[in-house]
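Comments concern the structure below.
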Amino acid sequence: MRPWLRPASFRALRRGDNDIDEVMPAIVVAREDPSWRAQVVSRRALRYDAGADPAQDRPAHVRAASAVAWFGGRLAVLQDDALFVALVEPHGGRIDAVTLPAGPDGRRLFDDGLRNKAMKPDLEAGLVLAAPDGERLLAFGSGSNTRRERILVLRGGSGRPEVRFVDAGALYALLRDLPDFAGSELNVEGACTVPGGRAVRLFNRGNGAPGGGRVPRDATCDLDAAALLRWLDDPRRGPPPPSAVTVFDLGNVDGVRLTFTDAEAVSDGILYVAAAEASPDAVRDGPVAGVAVGVIDGRGARWTRVLDEQGKPLCEKIEGIAPDRADPKRVWAVVDADDPERPASLLGLQLELAAR
């Protein structure tokens, strides 16, 4: 038996007064690799070059970075509580904003103070797909409730991109119907292409609360990339069915489970980031005990804890990653300050992931 694959078993979980019995599927167990190293070597607060624009409801800074992907030669930074996409030149260059359609209350910002947090789009996962008429940036709502089941589509990375939202409730219904993927609470936090580009891989974050006879799951599933694009262009077709579900045990930091927050395809597998956040469920935040960067490949999954600039364990939640296009040992990462008055940060990570 492969050492990184845990066989199917039966177990009872207990939380409070609730017993939950569930048959567990085969699980890929991620192993910490002490020979690897990942450290923050640069940090930049994300502030728009044009400053604030009250007429558009835009603050002077990126509020809540939730995912990042290369788009049109720049890093597109998504936000879960603001209807703007930041286009960032990572090496100290410009930061511009793409304005998205306003929410149902006419606002583009969402938080408790505005009493509209329930309306936020919660865009938590993003990737770019090539299409015959140019690349498309896709941003997925988390699906943590039915108001967060939209997919943002941007076409054209320079000038004024075409922007539209697609009601993706039919796709999220299929995801919820996969217990090994969705677990007790669906929370799509990462998306990337698989090596070769024929499929889109979605990553569910297992930070939910047990309930309904299910436990939280860290898991992946695949969607046919061409069929996904066809459906987004013509939703009458129906969404592509998810397939190839894989469940993961990502390990823990100081007793707090690591759970997926993003992923990106690299030449020899999938690079992922996971946070050890003591959150009570898939909607509310909690204290972060640490963050890990890992690789999923044909030999399983391995990870190392991320260190800050001083070489101490990083305890800020990394929400998105994008490998540098020129330096294979550099990865760009975004961190949400969890404070609407403070800008999100772009981190440069130096990776030393020795082959095993």
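The values are calculated or read from the model by the stated rules, or taken from the named source; none is laboratory data. It should be emphasised that the depicted structure is a prediction, and the values quoted were computed from it without experimental measurement. Quick reminder, even Gly has a Cβ in these numbers, built from the backbone with ideal geometry, and neighbours come from all protein chains shown.
A quick yes/no check of all residues on (1) under 16 Å from Leu258 (Cα atoms); (2) surrounded by fewer than 20 Cβ atoms within 10 Å (Cβ to Cβ); (3) more than 19 Å from the chain's Cα centre (by Cα):
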{"site": "Arg176", "(1), (2), (3)": "no, yes, no"}
{"site": "Pro179", "(1), (2), (3)": "no, yes, yes"}
{"site": "Gly196", "(1), (2), (3)": "no, yes, yes"}
{"site": "Phe203", "(1), (2), (3)": "yes, no, no"}
{"site": "Gly211", "(1), (2), (3)": "no, yes, yes"}
{"site": "Pro216", "(1), (2), (3)": "yes, no, no"}
{"site": "Leu232", "(1), (2), (3)": "no, no, yes"}
- request: Look at region 309-327 and say how many of its residues are under 22 Å from Arg74 (Cβ atoms) and free of Cβ contacts under 8 Å to residues at least 12 places away in the same chain.
  value: 2
- request: Kindly establish whether Gly183 is more than 27 Å from Ala275 (Cβ to Cβ) and free of Cβ contacts under 8 Å to residues at least 40 places away in the same chain.
  value: no
message: If I filter region 338-352 for residues that are buried (at least 19 other Cβ atoms within 10 Å of the Cβ) and under 16 Å from Thr220 (Cβ atoms), do I get at least one hit?
response: no
- prompt: Hey, any hits in region 25-35 for a residue that's in contact (Cβ under 8 Å) with a residue 12 or more places away in the chain, touching a helix residue (DSSP H, G or I) at 6+ places or on another chain (Cβ under 9 Å), surrounded by 14 or more Cβ atoms within 10 Å (Cβ to Cβ) and closer than 23 Å to Tyr272 by Cβ?
  reply: yes
task: Specify the residue that is surrounded by the most Cβ atoms within 10 Å (Cβ to Cβ); the eligible residues are those in region 67-89 that are in a loop (DSSP other than H, G, I, E, B) and touching a Lys or Arg at 6+ places or on another chain (Cβ under 8 Å).
output: Leu83
field: Residue that is among the hydrophobic types (A, V, I, L, M, F, W, C), part of a helix (DSSP H, G or I), touching a Lys or Arg at 6+ places or on another chain (Cβ under 9 Å) and at pLDDT below 95, where the choices are Ala102, Ala118, Ala131
entry: Ala118
message: Need the failing condition index for Asn145 against (1) at pLDDT 90 or above; (2) within 20 Å of the chain's Cα centre (by Cα), just the number.
response: (1)
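Each row is one residue, and each column tells you yes or no for (1) β-branched (Val, Ile, Thr); (2) closer than 28 Å to Gly311 by Cβ.
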| residue | (1), (2) |
| --- | --- |
| Pro25 | no, no |
| Arg31 | no, yes |
| Ser35 | no, yes |
| Val41 | yes, yes |
| Ala52 | no, no |
| Asp57 | no, no |
| Val68 | yes, yes |
| Gly72 | no, no |
| Leu114 | no, no |
query: Within region 107-122, is even one residue out of contact with any Leu (no Cβ under 6 Å at 6 or more places or on another chain), within 24 Å of Val200 (Cα to Cα) and of a type outside the set (Lys, Arg)?
result: yes
